[in-house]
1. Wholly within the range 118-214, which helices (runs of 4 or more DSSP H) include no fewer than the required count, namely at least 3 residues that are more than 16 Å from the ligand (Cβ to nearest atom)?
2. Filter the range 215-236 for residues that are under 22 Å from residue 189 (Cα atoms), within 16 Å of the ligand (Cβ to nearest atom) and assigned to a loop (DSSP other than H, G, I, E, B) and give the result.
3. Here is a check on your reading of the model: is residue 81 surrounded by fewer than 21 Cβ atoms within 10 Å (Cβ to Cβ), closer than 16 Å to residue 104 by Cα and within 19 Å of the chain's Cα centre (by Cα)?
4. Scan the range 45-63 and give yes if some residue there is farther than 18 Å from residue 235 by Cβ, under 19 Å from the mean Cα position of the chain (by Cα) and within 12 Å of the ligand (Cβ to nearest atom), otherwise no.
5. Return the residues of the range 237-256 that are near the ligand (Cβ under 10 Å from one of its atoms) and touching a helix residue (DSSP H, G or I) at 6+ places or on another chain (Cβ under 7 Å); say none if nothing qualifies.
Ligand code: 0GY
């Protein structure tokens with residue numbers, strides 16, 4: 001159990017579901033074979049941690065087969081929405097069906113250990129096609145390719161959310177080159193948002209993840225309207241060091257030290273992106 005109590009209506013804006021494999025097998029191209037982590041487990045975690053809603057992000061192991069995510073959303077009673085991975089050949093009718101199923105964004109993954117290819121031209125076609133739906137693009141990359149990605153990012157016509165801040169080296173501190181590059185990107189374009197997630201992935205020194213807190217808190221304070229937070233449950237590929245979800249929640253008040261920052265991070269911002277009709 002975390003010590004920190006999230007504000008009412010808090011959203012876990014980065015989590016996944018895996019399978020269950022008997023109903024929703026992983027892709028033939030999956031780079032890892034996860035244990036089942038279905039909606040019942042996700043919603044039990046949500047309740048235990050004191051959250052209200054989930055944004056389920058399609059994980060690479062399910063490829064562009066979004067059925068496990070859609071099934072979880074359908075079982076959530078309106079408390080979950082999703083970010084899909086789509087094939088470039090997807091039809092407009094299929095996109096509309098994803099929207100009806102609760103999808104509000106697409107994910108482009110550039111991590112070579114997770115996907116075989118990341119075709120920028122096809123991604124841009126997809127980004128143009130999802131724009132009329134009011135969706136955004138979620139992009140996952142590592143800090144060393146940020147410079148290469150600049151023209152691609154500039155061409156994306158929708159709001160962009162960067163997973164795990166583009167995996168900066170948090171040991172460099174808030175003034176280090178990775179954080180400065182990220183700030184440069186965000187300062188140049190006000191519709192770039194970041195997920196201030198995954199101390200367990202980004203801070204090899206481990207709990208209580210002081211380097212992560214030291215580097216990330218200034219970002220939350222500088223861009224309070226463009227940050228999202230999530231557990232990253234069930235922590236794919238972290239089998240040697242699965243973080244305690246309660247301990248991850250307890251990082252929130254250290255990177256967002258006031259009640260107002262916490263409310264923006266956990267409620268206002270994710271609600272604006274994923275439940276805009278709620279009018280918050
Ligand atoms: C994350 C991070 C990872 C995995 C995936 O789609 C995925 O498989 O996103 C990772 O291995 O870094 O956000 O879950």
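Just so you know, all these numbers are worked out from the coordinates, no wet-lab data involved. Since the model is a prediction, treat every value here as computed from it, not as a measurement. Glycine gets a Cβ as well: all are built from the backbone with ideal geometry, and neighbour counts include every protein chain shown.
1. 120-130, 146-155, 177-188
2. 229
3. Judged against the criteria, residue 81 is not a match.
4. yes
5. 238
Results for (1) crowded, with 17+ Cβ neighbours inside 10 Å; (2) within 15 Å of the chain's Cα centre (by Cα), shown as yes or no for each residue.
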position: 198; (1), (2): yes, yes
position: 205; (1), (2): no, no
position: 208; (1), (2): no, no
position: 219; (1), (2): yes, no
position: 236; (1), (2): yes, yes
position: 243; (1), (2): yes, no
position: 261; (1), (2): yes, no
position: 270; (1), (2): yes, yes
position: 274; (1), (2): yes, yes
